[in-house]
Amino acid sequence: MGMSGRSCLLRALFFISCFVVDIDGEAASHRIVLYPQPQQQNSIASGVYRTAYHFQPPRNWINDPNGPMYFNGVYHLFYQYNPNAAVWGDMHWGHSVSVDLINWAPLPLALAPTSPYDVNGCFSGSATVRRGTHPAVLYTGVDANYEQSQNLALPANLSDPVLTNWTKSGHNPLISAGDDFEATNFRDPTTAWVGSDGLWRTAVGAQIGANGTALLYRSRDFVRWERASRPLHSSSGSGMWECPDFYPVSVVGVEGLDTPPTEGEVKHVLKMSLFETHSDHYMLGAYDAARDAFVPEGEGAVDDYRAWQRYDHGKFYASKTFFDAGRRRRILWGWLNESDSEADDVAKGWAGIQTIPRTIRLDSNRRQLIQWPVEEVRSLRKHVVHLQNMELQTGLHEIKGVKASQADVEVDFQLHDLERAQTFDPTWAMDPPRLCAEQDASVQGGIGPFGLLVLASEKLEEHSAIFFRVYKDQNAYKVLMCSDQRRSSLWPELDKAAYGTFLDMNLEKESKISLRTLIDHSVIESFGGGGRACISARVYPSFFSNSSAHLYLFNNGSSSTTVSRLKAWDMAGARLNIRVDELSIEH
Ligand code: DQQ
């Protein structure tokens, strides 16, 4: 097929996909049932959307990752868990352990809301491995008046290799709210660190007036804590800061760092989860140890959260990092909520998953963080489809031979004819998701849109598009990355969003844009530009119950691009709920 034929085909397919969506919506509201119809199966509840290799427990609701840690050769992942329902509430700490971050064994609940100070929930918190030998978790308790305090729990038996049981401290509650803020806005202590004075520090999220803040507390014995006169950091108008996270990153190497180092060639990261927008933002900066304060730099120094950077531009919240002392890396986990309705969650009996654990480090440009799935994920790769130096002209190219609902796809797009890029309108910089929706995959451009159509039905009525578009700005090229779920499913009442961001990269120098997308039934987790931008999404294609998914490369730009390399792997399922004795724990 020639180029114009492909172009026609592409336009036709996009047209059909829009048309079918509209017609279906129209028809749905005027449907007349002449004969009794078989009950339509609620496809959301059918089980096909459960993940094969993203962490989730067998049933019920989960949200924030809590207290992740590496201890004695075992990875611990705790998480906010409602053991009795697939909706938020009655918060416990669930607990699973792993030796490879891929296969997990569930343990009994680590924390339950049984004490007066946490009777309304054991909310989020962090683990600290004190002196490398004594793990402790600090967590938020919510009392009968919904007032929040910070509390301590310790392993009941340190010689148990998986730390099955946890005991709440008899000194709880350790830290109560101050008089200058609402006790209902005081939660989620960080991993603690020791200052040069030998005192422990932890930061707790709070809201004072309209200001989001990470309050700082110090302690000699981990039990008696005093509030510092200044917060670690605060900002005006950003509202409640949930789940703060504070850690160093190396400026010179790729190794992760443990929380204490304040000297040497490091920068510090302060992350906060903004309650009002349900998005995680971070700032790069320095830790001024003398003042015990975080000093943001660059865009973080602008006192407006819209200028702060984001870990992920899609569905991603309440994340937390930990230092993996075994492999000297820092690992990030985030919570991916569902995009369906609460009624759907109840019908399917579960809600919430965790992202793939991602290593996190500073980019060589020192301006942003780079995230990448932990290398252990590669152990799940099976059969591979490989393409090299393929000219991707305007049109669609199906990637056959891979199970498209459970795959890991890596692709490099080599660009040429950059001068054909569309001219950039500076107002577009304000709202990349809107730009992704307005200039979606069906809107022809100069350089791009090109990328992947994933979880696509045979006739493309349903698909999600992950794509790039290049614009020519005054002195540089701008690269837009989008993940558009608006046509991901014919099921109504889903949150079908278009997400997007600009990639901070020098396209003239690199001339190549890479994309890695992890596809896992209802998850699309994408890493653009080698992990400079991430977008995670949750989708529920309606065709899943009776037909299999397709995967395409596409280009809807007037200029061709070269797929210099594509590898798409079938992914094996992780074993997410094995018995502890099936883990090979080395003693
Ligand atoms: N989730 C927890 C809180 C935290 C919030 C409650 C963030 O501790 O602030 O489930 O999602």
Tell me which of these residue 306 doesn't satisfy, since it passes every other one: (1) assigned to a strand (DSSP E or B); (2) surrounded by fewer than 22 Cβ atoms within 10 Å (Cβ to Cβ). (1)
Residue by residue through segment 351-404, note down the ones that are outside the structural domain of residue 540 (by TED's automatic domain parsing) and over 30 Å from residue 327 (Cα atoms). 351
So which residues in segment 371-403 are under 29 Å from the mean Cα position of the chain (by Cα), crowded, with 16+ Cβ neighbours inside 10 Å and not in a strand (DSSP E or B)? 374, 376, 377, 380, 399, 402, 403
Selection over segment 430-477 where residues are within 25 Å of the chain's Cα centre (by Cα) and loosely packed, with under 14 Cβ neighbours inside 10 Å yields a count of 4
With without any contact (Cβ under 8 Å) to a residue 60 or more places away in the chain, away from the ligand (no atom under 16 Å from the Cβ) and assigned by TED's automatic domain parsing to the domain that holds residue 104 as the only criterion, which of 136, 156 stands out? 156
Failed criterion for residue 139 (all others in (1) of a type in the set (Phe, Trp, Tyr); (2) loosely packed, with under 13 Cβ neighbours inside 10 Å; (3) in a strand (DSSP E or B) hold): (2)
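Does segment 205-231 hold any residues that are hydrophobic (A, V, I, L, M, F, W, C) and either assigned to a strand (DSSP E or B) or within 19 Å of residue 127 (Cα to Cα) (or both), and which are they? Don't jump to the end; show me each part of the working.
Just the residues of segment 205-231 that are hydrophobic (A, V, I, L, M, F, W, C), to begin with: 206, 208, 210, 214-216, 222-223, 225, 228.
Result: 206, 208, 214, 215, 216, 222, 223, 225.
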Would you check which residues across segment 318-344 are within 15 Å of the ligand (Cβ to nearest atom) and either modelled with pLDDT under 95 or under 15 Å from residue 371 (Cα atoms) (or both) and list them? 319, 320, 333, 334
With the requirement that a residue be farther than 13 Å from residue 289 by Cα and part of a loop (DSSP other than H, G, I, E, B), what does segment 232-252 give you? 236, 237, 238, 239, 240, 251, 252
Exactly one of (1) hydroxyl-bearing (Ser, Thr, Tyr); (2) farther than 19 Å from residue 307 by Cα; (3) within 16 Å of the ligand (Cβ to nearest atom) is unmet by residue 259. Its number? (3)
Could you list all residues from segment 404-429 that are of a type outside the set (Gly, Ala, Ser) and crowded, with 21+ Cβ neighbours inside 10 Å? 406, 408, 409, 411, 413, 415
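Taking segment 353-370, which residues are under 17 Å from residue 102 (Cα atoms) and either open to solvent by less than 20 Å² (accessible area, probe 1.4 Å) or among the acidic types (Asp, Glu) (or both)?
If we filter segment 353-370 for residues that are under 17 Å from residue 102 (Cα atoms), which is where we start, we get 353-359.
Within segment 353-370, 353, 354, 355, 356, 357, 358 meet the criteria.
Within the group 455, 503, 480, which residue is of a type outside the set (D, E, K, R) and over 15 Å from residue 433 (Cβ atoms)? Full working, then the answer.
Details: 503 fails: over 15 Å from residue 433 (Cβ atoms); 480 fails: over 15 Å from residue 433 (Cβ atoms).
Unique residue meeting the criteria: 455.
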Selected residue (criterion: least open to solvent (accessible area, probe 1.4 Å)) from residues of segment 57-115 that are in contact with a strand residue (DSSP E or B) (Cβ under 7 Å, 6 or more places away or on another chain) and of a type in the set (Asp, Glu): 64
Failed item in (1) in a strand (DSSP E or B); (2) farther than 13 Å from residue 268 by Cα; (3) away from the ligand (no atom under 16 Å from the Cβ), with residue 294 passing the rest: (2)
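Count, please, the residues in segment 87-126 that happen to be within 15 Å of the ligand (Cβ to nearest atom) and hydrophobic (A, V, I, L, M, F, W, C). Outline the logic, then answer.
From segment 87-126, those within 15 Å of the ligand (Cβ to nearest atom) are 87-94, 109-113, 117-126; that's our starting set.
Next cut, hydrophobic (A, V, I, L, M, F, W, C) only: 87-88, 91, 93, 109-112, 119, 122-123.
Residues flagged as within 15 Å of the ligand (Cβ to nearest atom) and hydrophobic (A, V, I, L, M, F, W, C) within segment 87-126 amount to 11.
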For segment 208-247, which residues satisfy the criterion of being without any contact (Cβ under 8 Å) to a residue 60 or more places away in the chain, among the polar types (S, T, N, Q) and in contact with a strand residue (DSSP E or B) (Cβ under 8 Å, 6 or more places away or on another chain)? 211, 213, 219, 234
Looking at 189, 173, can you tell me which residue is outside any strand (DSSP E or B), touching a Leu at 6+ places or on another chain (Cβ under 8 Å) and either under 22 Å from residue 111 (Cβ atoms) or in the same structural domain as residue 323 (by TED's automatic domain parsing) (or both)? 189
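For (1) surrounded by fewer than 24 Cβ atoms within 10 Å (Cβ to Cβ); (2) closer than 28 Å to residue 578 by Cβ; (3) touching a His at 6+ places or on another chain (Cβ under 8 Å), each residue gets a yes or a no:
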position: 130; (1), (2), (3): yes, no, no
position: 160; (1), (2), (3): yes, yes, no
position: 171; (1), (2), (3): yes, no, no
position: 176; (1), (2), (3): yes, no, no
position: 190; (1), (2), (3): no, no, no
position: 193; (1), (2), (3): yes, no, no
position: 196; (1), (2), (3): yes, no, no
Quickly run through segment 532-548 and pick out the residues that are within 25 Å of residue 372 (Cα to Cα) and open to solvent by 20 Å² or more (accessible area, probe 1.4 Å). 532
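The values are calculated or read from the model by the stated rules, or taken from the named source; none is laboratory data. Keep in mind that this is a model prediction, so the values were computed, not measured. Glycine gets a Cβ as well: all are built from the backbone with ideal geometry, and neighbour counts include every protein chain shown. These accessible areas exclude ligands, DNA and RNA; they are computed on the full protein's heavy atoms, side chains included. Shrake-Rupley method; radii C 1.70, N 1.55, O 1.52, S 1.80 Å.
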